[in-house]
Amino acid sequence: MLKIDPKLIEQIEAASEPEDLHDLVQKAIELEHATIPTYLAAYFTLKPGTNQPVAEILRSVIVQEMLHMAIASNLLIALGGYPVIDRPGFIPKYPGPLPMQIGGGFDVPIERCSVRLVETIFMRIEEPEAPIPIQGLRAGPVEYRTIGEFYHALDMRLKWMGHRAFRKGRFNEEMVDNTWFPADQLFRIVDQKTASEAIQLIVRQGEGTRHSPLDPEEEPAHYYRFEQIVKGRRLIRDSKAPSGFVFGGAPIVLDETNIWNMVPNPLPPSALPAGSAAQRASMIFAFGYTALLRALHETFNGQPDAIKRAMGLMYQLRLTAQTVLQTPDPGRPGASTGLSFVYQPTMT
Amino acid sequence: MSYLNLPRINFAGLFEADVNTVNNDVRNYDVEVFEPRFQTLQKVEPDSHVEYNGWWNPNGSNRFSLIDCAVTGVVGPAGEEVVGSAWTLQAQLDRTAAKIVDLDPQFQMASGLWGLKIALMVGDERLVEGSFVPASFRDLFFGRLNDPAGQPVQGSPGASARFTGGLEQLRWTPKAHASPSLAALRASADRNNGRLSLSLVTYGYAKTGAKGALTGTVIGSLGSWLEGEPLTFAPGRRFSISASSPNAPFSSASNLGFMTALVTDAGRRLSVDFGVSLPLQQSADGGIHPQDLGPLTIAVAKAGDTVSSGPSGLSVTPGVTEGQVLTPGLYEVVGVVSDYAQEAWLSRTGGVIDLAVPEAARALIADHPLLILLNATGGGQQVAIRESFGGLWARADNFIQRVDSAPTGWVSSTVDIRAMRWGLPWSDAPLTFSIPPVSGQGGTGDDNEVKPPQTDIPDNNVPLATVSLPNQAVSGADGAVSLTYWVANPGNPRGYIDGQVYQFAYAPAVAGGSPTPLFEVIATHVRDAFVPPKTPSWATDIEPVLVQYGNLYPIMSRGLFSLSDFNSVAANARLLHLAFTLPPTDPNYMPATRDLSAGKLRMIVDWLSSYLPEGAEHGYGAIPPLPIGQSLPPPKAVAAAPAAAVKPSITPAAFEAVGPGSDGKSAAVRGFLRNATRNVGE
């Protein structure tokens, strides 16, 4: 479970003007983004054309995290703020804690895909406040404030502010291109009602509900979606099981022989041997990732059409990731050069 | 005037070109005979036979990147501006990589850059950004580079070329104001359509090498562009090799390539561009610098050229010729350069030097030929290369063309050509045009090939009946010729690949004139007329088109999704719809080769539309309308048969420079040279 600093929720509850919420919603954008590199790295290390079920689970979660990042950005625009995506501090340091976490949090790495990674990191990131025990899983007591509570507090505070919260919104600058996300998930936030719907969507897609592991689209919430990889079977309905669900569907096997051998938390391009193929490949990847953040920044700062450029960059990233992983790690025989998610503003 | 004018910002660094090579061989377009091995690397047998397959980089993405490009010199109107080491040139800060592609597998002599966006930066901050108007390289010079042992590097690794184009949609940041040179460039752009001129020279490209895989060196300059000027080359004074140079068609006897100079400030300043001309030398550490030819003397000949007009047209007799040894009384010196044979010189200057013209030379410079002189072995100065005879030359600007033909009637396209005389507009210049026979290009045509694709290499420039090209034209007072040609549906003459490539030869019609460089042709891909079906189906309409792209670009199916599989295409309909509806200037445009007609694009988009999710963007986006044919206008009256255009000879040295290499460009150029040799013989 993401244990977040209770002070953040206190700040939400103390906000009297929409401007008081800008920094907090910016943090939410940063948090929604922060999981993407770690999920992407795991996804990219699956060799193309192999490990399809696992790849599809990872990809589907990544796509929803991107949606959540977009929703949080739209919300900030609706509240009159300006999302800041193109700056070095926007990318967390890996391994390191996710944004908003407090002491007792855990470090999120950049690693090749493995069952252990999914179980100890990904499921921990997505753990709901009260996981539904399916096949013997037990819920732990709630000790800290959670990201779900953060969003809930935000929702409540916007209700309290009412119309006032949106009077400086630049609604036309929101990105609502339904080519990429359906209209019932990505829509213009123009008032408290639409804001509340958007916030609830983020929480439910991530955590499911207290009563069902499924999200509103009848898909397993992220936590349970990942758990399928750990359990090795798909989540299916089972009326005989106490929770109504069981990991008893089609097998999901992670084929370890078709995962690139990337060492955890790869060095940034600047630390690789100067002029080496590894450095070149790593730099092109990091530069492409930075370009993607720039395109997203432009998307949410007055050029919503720039999402098309961002889409191109996402697909290019997939191709360049394969180039990086095909390049031998100069320091470790048999290993791949690693994917480095660092801010690389120039190809220099 | 172009990047040769001041102020000028020079830069140097590396470029990476991840070119795709399955499409290096036109026969790989034939889906009927395509084999999976054509998507794999070529194999060189121990007996040096080659199984070409997918040539040397079948996984290429056509990505073009700039790497470690530093600003190396800023020349302002008042001399050098010191900007420190923090200025760099970057590309694609917020978009996918630019693409480098050929017009067609049967015309690989002018690869084009698409979707390139440049940013001049100081540290991590932008000074100015702009979009490069797509341009193809020209001045392709094989045999320019020697290896560390002094032997010519054969094939593409030994070749060099120049891309010149406009830089538009400029965005200046307040930081740019602090530099007088940038302020002057901005003022120039504000007066001239918001445009600057960017030129990139590439050399030392290699599959593997000291600089990295698929990497070469790039140097270049950013300068002003003036309203009315061509985009893809610098107007000015053109140096030409002798038609009978032993290194023809690429370079003079001293191995200098075609080059350009510019006289400004009422004859007081001469800027000479050696950027793609001086022969190069690779050192043991991989660095590349100009070969040391001894002091280079830039001079003006005292003897003028004689241009006369007779019943059979213009003819020119030069006062001085290439290779001639001159005594000091025969020329006036403008300047001498001795420190050029270093990598740092080339980087710092972009190969361009600016000289103050002394009084004596200024008296001649307006209408006497410029010379580059080298110390002659027996004393005196030998002409290493000279300005074109009579100062006469002509060059097409938009020389790479893509034209959709119509189902009935004719469609026109226009090429802008500039004729110049001593660097000024050449009015009433007679130009001649022709369509020579072309065959055997774009495959290997080599004896060492084994297991080739089981299909023929199509001929080009046929049918002739569907092309209407004037055989001559005369420039206006501004030296400009708008050459309008008309095409009808070629009717799929190549069978397995769309449309036809036509090469139009052009040249000033001047007897005894300087030769037009071999690759200076107008190349146009005329696409087959195509009417999209009302309801396209996968099997009959879509699959045949997409399977060909799937065959030629294996990176798509290996890294993203298969283009030959119905389910994966349908599942990715929204991404494909976006890519197929972008303007060709967008780096994400599909197909990357930019060779699909509007009709076929519309058909694909129609089909994709039924697989788009609810709420997705529909429509044809930037796809042009279907062409509407017209009736062919009557030909203009022809005055007199023009003098034959002068072409450089095709020497054994040219074949030697290209070598037997198995890269696509070399093979294509070998085909081109063989073809040109045949045509000379006819």
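The values are calculated or read from the model by the stated rules, or taken from the named source; none is laboratory data. This is a predicted model, so every value here is computed, not measured. In this analysis, Cβ positions are derived from the backbone assuming ideal geometry, glycine residues included, and neighbour counts consider all displayed protein chains. Remember, those area values only see protein heavy atoms, side chains included, never the ligands or the DNA or RNA. Shrake-Rupley method; radii C 1.70, N 1.55, O 1.52, S 1.80 Å.
In table form, for the structure just shown:
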| read-out | value |
| --- | --- |
| Residue check, B:Ala284 of a type in the set (A, V, I, L, M, F, W, C), at pLDDT below 95 and either within 22 Å of B:Val325 (Cβ to Cβ) or open to solvent by 10 Å² or more (accessible area, probe 1.4 Å) (or both) | yes |
| Subset tally (residues that are surrounded by 17 or more Cβ atoms within 10 Å (Cβ to Cβ) and in contact with a helix residue (DSSP H, G or I) (Cβ under 9 Å, 6 or more places away or on another chain)) for the range A:220-253 | 16 |
| Residue in the range B:518-539 that is open to solvent by 30 Å² or more (accessible area, probe 1.4 Å), among the polar types (S, T, N, Q) and at pLDDT below 95 present | no |
| Pair list, Cβ under 7 Å, 6 or more apart: the range B:613-637 residue open to solvent by less than 70 Å² (accessible area, probe 1.4 Å), other residue among the acidic types (Asp, Glu) and in a strand (DSSP E or B) | B:Pro627/B:Asp404 |
| Of residues in the range B:582-605 being open to solvent by 10 Å² or more (accessible area, probe 1.4 Å) and over 26 Å from the mean Cα position of the chain (by Cα), the one nearest to the other protein chains (Cβ to nearest Cβ) | B:Arg602 |
| Qualifying residue in the range A:155-174 (condition: buried (at least 20 other Cβ atoms within 10 Å of the Cβ), in contact with a Leu (Cβ under 6 Å, 6 or more places away or on another chain) and either in a loop (DSSP other than H, G, I, E, B) or modelled with pLDDT under 90 (or both)) | no |
| Whichever residue in the range B:82-127 is β-branched (Val, Ile, Thr) and open to solvent by 10 Å² or more (accessible area, probe 1.4 Å) and, among such residues, is farthest from the other protein chains (Cβ to nearest Cβ) | B:Val82 |
| Test: residue in the range B:31-52 that is in contact with a Leu (Cβ under 6 Å, 6 or more places away or on another chain) and either within 21 Å of B:Trp225 (Cβ to Cβ) or open to solvent by 30 Å² or more (accessible area, probe 1.4 Å) (or both) | no |
| Failed condition for A:Pro182, given (1) surrounded by fewer than 20 Cβ atoms within 10 Å (Cβ to Cβ); (2) more than 14 Å from every other protein chain (Cβ to nearest Cβ) | (2) |
| Conditions (1) touching a residue at least 40 places away in the same chain (Cβ under 8 Å); (2) over 25 Å from B:Tyr549 (Cα atoms); number of the one not met by B:Pro463 | (1) |
| Residue in the range B:238-247 that is more than 20 Å from B:Leu346 (Cα to Cα), in contact with a Leu (Cβ under 7 Å, 6 or more places away or on another chain), away from chain A (no Cβ under 14 Å) and in a strand (DSSP E or B) present | no |
| Per-region count, the range A:72-89, residues of a type outside the set (A, V, I, L, M, F, W, C) and either under 20 Å from A:Tyr224 (Cβ atoms) or assigned to a loop (DSSP other than H, G, I, E, B) (or both) | 6 |
| Subset of the range A:90-130 [outside any loop (DSSP other than H, G, I, E, B), in contact (Cβ under 8 Å) with a residue 60 or more places away in the chain and farther than 25 Å from A:Pro220 by Cβ] | A:Phe90 |
| Residue that is open to solvent by less than 50 Å² (accessible area, probe 1.4 Å) and part of a loop (DSSP other than H, G, I, E, B), where the choices are A:Gly275, A:Gly302, A:Gly288 | A:Gly302 |
| Those residues of the range B:606-617 which are within 14 Å of chain A (Cβ to nearest Cβ) and hydroxyl-bearing (Ser, Thr, Tyr), in sequence order | B:Ser609, B:Tyr611 |
| Failed item in (1) assigned to a helix (DSSP H, G or I); (2) acidic (Asp, Glu); (3) open to solvent by 40 Å² or more (accessible area, probe 1.4 Å), with A:Glu17 passing the rest | (1) |
| Residues (touching a Ser or Thr at 6+ places or on another chain (Cβ under 8 Å) and surrounded by fewer than 17 Cβ atoms within 10 Å (Cβ to Cβ)) located in the range B:399-445 | B:Gly409, B:Ser412, B:Thr414, B:Asp416, B:Ser427, B:Asp428 |
| Counted residues, the range A:332-348 - those being open to solvent by 20 Å² or more (accessible area, probe 1.4 Å) and either in contact with a Leu (Cβ under 7 Å, 6 or more places away or on another chain) or in contact (Cβ under 8 Å) with a residue 60 or more places away in the chain (or both) | 5 |
| Near pairs, Cβ below 9 angstrom, 6+ apart or cross-chain, from the range B:299-316 (farther than 21 Å from B:Ala473 by Cβ) to any residue that is in a strand (DSSP E or B) and among the small types (Gly, Ala, Ser) | B:Ala299/B:Gly335; B:Thr306/B:Ser315; B:Ser308/B:Ser315 |
| Matching residues in the range A:305-314 - criterion: being within 7 Å of another protein chain (Cβ to nearest Cβ) and open to solvent by 30 Å² or more (accessible area, probe 1.4 Å) | A:Lys308, A:Arg309 |
| Members of the range B:57-81 found to be more than 20 Å from the chain's Cα centre (by Cα), within 14 Å of another protein chain (Cβ to nearest Cβ) and not in a loop (DSSP other than H, G, I, E, B), listed by number | B:Ile67, B:Asp68, B:Cys69, B:Ala70, B:Val71, B:Thr72 |
| Subset of the range A:277-291 [more than 8 Å from every other protein chain (Cβ to nearest Cβ), more than 22 Å from A:Gly96 (Cα to Cα) and out of contact with any helix residue (DSSP H, G or I) (no Cβ under 6 Å at 6 or more places or on another chain)] | A:Ala278 |
| Checklist (1) more than 17 Å from B:Arg126 (Cβ to Cβ); (2) among the hydroxyl-bearing types (Ser, Thr, Tyr); (3) not in a helix (DSSP H, G or I) applied to A:Tyr343, failing item | (1) |
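Rundown of residues vs (1) away from chain A (no Cβ under 14 Å); (2) open to solvent by 10 Å² or more (accessible area, probe 1.4 Å), yes/no style:
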{"residue": "B:Lys175", "(1), (2)": "yes, yes"}
{"residue": "B:Ala178", "(1), (2)": "yes, yes"}
{"residue": "B:Leu196", "(1), (2)": "yes, no"}
{"residue": "B:Leu200", "(1), (2)": "yes, no"}
{"residue": "B:Thr208", "(1), (2)": "no, yes"}
{"residue": "B:Gly212", "(1), (2)": "no, yes"}
{"residue": "B:Thr217", "(1), (2)": "no, yes"}
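Every residue, every condition in (1) over 16 Å from B:Asn24 (Cα atoms); (2) of a type outside the set (Lys, Arg); (3) at pLDDT 95 or above, yes or no:
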{"position": "B:Gly440", "(1), (2), (3)": "no, yes, no"}
{"position": "B:Thr444", "(1), (2), (3)": "no, yes, no"}
{"position": "B:Leu464", "(1), (2), (3)": "yes, yes, yes"}
{"position": "B:Val467", "(1), (2), (3)": "yes, yes, yes"}
{"position": "B:Asn471", "(1), (2), (3)": "yes, yes, no"}
{"position": "B:Ser475", "(1), (2), (3)": "yes, yes, yes"}
{"position": "B:Ala480", "(1), (2), (3)": "yes, yes, yes"}
{"position": "B:Leu483", "(1), (2), (3)": "yes, yes, yes"}
